[in-house]
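K.L.:
First the structure, which I've put down as structure tokens, then a few questions once you've had a look.
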Amino acid sequence: MLKQPSQKYRPFPPVHLPDRHWPNRTLSRAPIWCSVDLRDGNQALAVPMNVGQKLEMFHTLVKCGFKEIEVGFPSSSNTEFTFNRRLIEEKRAPEDVWLQVLVQAREDLIERTVESLIGAKKAIIHLYNSTSPAQRRVVFGKSKDEIKAIAVQGAKWIQERLPRLKGTEVMLQYSPESFSATEVEFAREISEAVMDVWQPTPERKMILNLPDTVEVAMPNVYADQIEWMCRNLRNRDSLIVSLHTHNDRCTGVAATELGLLAGADRVEGTLFGNGERTGNLDIVTVALNLYQHGIDPRLDFSNLNALIEVYERCTGMTVPPRQPYAGELVFTAFSGSHQDAIRKGLAEWKTGRTENWDVPYLTIDPNDIGREYREVIRVNSQSGKGGVAYLLESEFGIVLPKEMQREFGPLANDEVDRLGREVSGVELRAMFWREYVERTKPWQLQGFETESRNGLVRCHARMLRDGTPAELHGEGNGPLAALVHGFSTIGVPRFEIASYSEHALSSGEAAAAIAYIQIKHSDGRTRWGAGVDTNIELASVRAVLSALNRS
Ligand code: KIV
Ligand code: ZN
């Protein structure tokens, strides 16, 4: 990088708008939305969608509630043309959905585009040409007047062909492409020249789309440009002013939101921001940002996961894990203090005492968009026993007694330390199983029977002791007391049951129970054991053997 970037790059010239209004405004309603997934988004895919995929995306967009969908660039290829024809001939578009098509100011392309729309119920013909100084100089080598003439001629060619679209409700749209890098005065001049051809009225408006084709300035500058246009354009009331931002400086959403404050009526963008380079505007984010402020976005993202699935399958793109609202991790808390605050916030919300959602760290209720809040307890060598216990309980329903947590926590931490990395819940469960449940040396249970008479329980246990058959008989006031007594009769040093608990295992282990037993040796040493079995009595016998095996 350069030590003095000013030798190569220059600041972006501000718009002169000292009495700008937009900073004092707030948003109170949703704009008109237009999805450009099937055109701008599709153009930016390594492998563009085929007709089947475009159809699936189209229906998905309709289901979300889009009423304006830019379906393609029908003059650019047979696939695009065919897709348009199929939408129309197979009557796939609901009557209230506008099919928008993009076209350059070239007569042959306009001709083909109009042909692609015959029979449509509602159509938006979107004409564009590029207007910025760099485009005028580098790409076209034309003066402002010559660039204006291109737009005017394109507008006329479209106008002349409108009679061919009898029966179709047509709306016209013009984009001075690269608007945000264009002098506002010239953007106004060229837009008004197109308006002179199309003659929009308040009853029959045209769309003036003002694209941030490449984000070259901060979003407040785009807002100034939009407000300047809205205030200086002739016949503003005959226009639907539309925003179309890209995300080169990562402020596409901000630019759109400020552009709406600045007076725009309509927003073009794509699902999850797919589009050229850093992408188009992410419409999902803007819509859900409105929702977060209590404004009905008039787009339905109740099942965001299903939408992501269709999007990823059709486009071959992936939604990054930290994408606002949609990313896999955005409703996940890793930090203990965040988890604590969220738990308290959710508990308060559940009481119904608070009127509005105000849960720390969760901007909206994930359930509203079909998602779930998730806590991730990461266990590393620094983690406390609480983290270990929480993970076992939340993922596997293993509820360790408090005192057993004090025994297993450090054992788990030692092993994690040895591995030198964080461990998952599955790994932690495996450690627990190895440490307690799967121990078979020296004692391994082969069979256990009891009979009780007059309140006295007699037991008969068959076992392997270091692989050699062994058995015991014992008696006591319960099966465990009988077992403990039985061990004393075969020369095992005396011990007693110091603590006992058990519960059913909820997941994975069909109808199994787990028992936790702490034994205390005559020298005062204590050991925990755990046993799992479909029979609760056998689970506790196994737990005793587990504790002995660990002694
Ligand atoms: O980014 C852009 O300027 C465009 C235009 C064609 C509207 O996609
Ligand atoms: Zn674009």
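The values are calculated or read from the model by the stated rules, or taken from the named source; none is laboratory data. Predicted model, so just to flag it, every value in this text is computed and none were measured. Using ideal geometry, Cβ is built from the backbone for each residue, glycine included, and neighbour counts are taken over all protein chains shown.
K.L.:
Out of all the residues in segment 286-312, which are crowded, with 17+ Cβ neighbours inside 10 Å, of a type outside the set (S, T, N, Q) and assigned to a helix (DSSP H, G or I)?
P.N.:
Matches in segment 286-312: Val286, Ala287, Leu288, Leu290, Tyr291, Leu304, Leu307, Ile308, Val310, Tyr311.
K.L.:
In segment 470-551, which strands (runs of 3 or more DSSP E) lie fully inside it and hold 2 or more residues that are touching a residue at least 24 places away in the same chain (Cβ under 8 Å) and hydroxyl-bearing (Ser, Thr, Tyr)? Can you show your working first?
P.N.:
Numbers: elements: 495-504, 513-521, 526-533.
Per the criteria, 495-504.
K.L.:
Right, next: Filter segment 182-224 down to residues that are of a type in the set (D, E, K, R) and within 16 Å of ligand 2 (Cβ to nearest atom), then give me how many there are.
P.N.:
Filtering segment 182-224 down to residues of a type in the set (D, E, K, R) leaves 183, 185, 188-189, 192, 196, 203-205, 212, 215, 224.
Of the ones still in play, those that are also within 16 Å of ligand 2 (Cβ to nearest atom) are 212, 215.
Going through segment 182-224 one residue at a time, the tally reaches 2.
K.L.:
Now for a separate question. Please indicate, with yes or no, whether at least one residue in segment 412-424 is surrounded by 15 or more Cβ atoms within 10 Å (Cβ to Cβ) and under 28 Å from the mean Cα position of the chain (by Cα). Break it down stepwise before answering.
P.N.:
At the first step, the residues of segment 412-424 found to be surrounded by 15 or more Cβ atoms within 10 Å (Cβ to Cβ) are 412-413, 415-416, 423.
Still in the running and under 28 Å from the mean Cα position of the chain (by Cα): 423.
So far as segment 412-424 goes, yes, one or more of its residues are surrounded by 15 or more Cβ atoms within 10 Å (Cβ to Cβ) and under 28 Å from the mean Cα position of the chain (by Cα).
K.L.:
Yes or no: Glu90 within 15 Å of ligand 1 (Cβ to nearest atom) and over 27 Å from Asn289 (Cα atoms)? Don't jump to the end; show me each part of the working.
P.N.:
Details: within 15 Å of ligand 1 (Cβ to nearest atom): no; over 27 Å from Asn289 (Cα atoms): yes.
No; evaluated as a whole, the condition is false for this residue.
K.L.:
Ok, one more. Condition test on Leu127, is it within 13 Å of ligand 1 (Cβ to nearest atom), under 25 Å from Gly279 (Cα atoms), assigned by TED's automatic domain parsing to the domain that holds Asp265 and touching a Gly at 6+ places or on another chain (Cβ under 8 Å)? Lay out the reasoning, then the answer.
P.N.:
On the way: within 13 Å of ligand 1 (Cβ to nearest atom): yes; under 25 Å from Gly279 (Cα atoms): yes; assigned by TED's automatic domain parsing to the domain that holds Asp265: yes; touching a Gly at 6+ places or on another chain (Cβ under 8 Å): yes.
Here the answer is yes, as Leu127 does meet what is asked.
K.L.:
Let me ask another. For segment 333-388, name all the residues that are assigned to a loop (DSSP other than H, G, I, E, B), among the hydroxyl-bearing types (Ser, Thr, Tyr), at pLDDT 80 or above and farther than 22 Å from Phe301 by Cβ. Even if it seems obvious, please write down each step before you answer.
P.N.:
Here is the first cut: in segment 333-388, the ones assigned to a loop (DSSP other than H, G, I, E, B) are 334-335, 352-365, 370-373, 376-378, 380-384.
Next cut, among the hydroxyl-bearing types (Ser, Thr, Tyr) only: 335, 354, 361, 363, 373, 381, 383.
With at pLDDT 80 or above added as a condition, the list becomes 354, 361, 363, 373.
Once the filter is applied, which keeps residues that are assigned to a loop (DSSP other than H, G, I, E, B), among the hydroxyl-bearing types (Ser, Thr, Tyr), at pLDDT 80 or above and farther than 22 Å from Phe301 by Cβ, segment 333-388 yields only Thr354.
K.L.:
Of all residues in segment 397-413, count the ones that are in contact (Cβ under 8 Å) with a residue 24 or more places away in the chain and in a helix (DSSP H, G or I).
P.N.:
Looking only at segment 397-413, we keep the residues that are in contact (Cβ under 8 Å) with a residue 24 or more places away in the chain, and these are 397-401, 403-404, 407-413.
Imposing the further condition that a residue be in a helix (DSSP H, G or I) reduces the set to 403-404, 407-413.
Qualifying residue count for the region: 9.
K.L.:
Quick one: in segment 179-229, of everything that is among the acidic types (Asp, Glu) and more than 21 Å from Asp40 (Cα to Cα), which residue is nearest to ligand 1 (Cβ to nearest atom)? Full working, then the answer.
P.N.:
From segment 179-229, those among the acidic types (Asp, Glu) are 183, 185, 189, 192, 196, 203, 212, 215, 224, 227; that's our starting set.
Okay, now just the ones that are also more than 21 Å from Asp40 (Cα to Cα), so 183, 185, 189, 192, 196, 203, 224, 227.
Working: Glu183: 16, Glu185: 19, Glu189: 18, Glu192: 18, Asp196: 21, Glu203: 25, Asp224: 19, Glu227: 19 Å.
Checking each candidate, the answer is Glu183.
K.L.:
Taking Gln159, is it assigned by TED's automatic domain parsing to the domain that holds Pro219 and in contact with a Phe, Trp or Tyr (Cβ under 7 Å, 6 or more places away or on another chain)? So that I can check it myself, show each step before the final result.
P.N.:
Working: assigned by TED's automatic domain parsing to the domain that holds Pro219: yes; in contact with a Phe, Trp or Tyr (Cβ under 7 Å, 6 or more places away or on another chain): yes.
Spelling it out, Gln159 is indeed assigned by TED's automatic domain parsing to the domain that holds Pro219 and in contact with a Phe, Trp or Tyr (Cβ under 7 Å, 6 or more places away or on another chain).
K.L.:
Please tell me if Glu185 is more than 22 Å from Ile69 (Cβ to Cβ) and without any contact (Cβ under 8 Å) to a residue 24 or more places away in the chain. Can you show your working first?
P.N.:
Details: more than 22 Å from Ile69 (Cβ to Cβ): yes; without any contact (Cβ under 8 Å) to a residue 24 or more places away in the chain: yes.
Spelling it out, Glu185 is indeed more than 22 Å from Ile69 (Cβ to Cβ) and without any contact (Cβ under 8 Å) to a residue 24 or more places away in the chain.
K.L.:
Still on this structure, please answer the following. From the residues in segment 85-108 that are within 16 Å of ligand 2 (Cβ to nearest atom) and farther than 13 Å from Lys121 by Cα, which one is farthest from the chain's Cα centre (by Cα)? First the steps, then the outcome.
P.N.:
Residues of segment 85-108 that are within 16 Å of ligand 2 (Cβ to nearest atom), as a first pass: 100-104.
Then drop every residue that is not farther than 13 Å from Lys121 by Cα, which leaves 101-104.
Details: Val101: 29, Leu102: 30, Val103: 33, Gln104: 35 Å.
Looking at the filtered set, the residue picked out is Gln104.
K.L.:
Select from segment 230-284 the residues that are within 14 Å of ligand 2 (Cβ to nearest atom), in contact with a strand residue (DSSP E or B) (Cβ under 6 Å, 6 or more places away or on another chain) and assigned to a loop (DSSP other than H, G, I, E, B) and list them in ascending order.
P.N.:
Leu281
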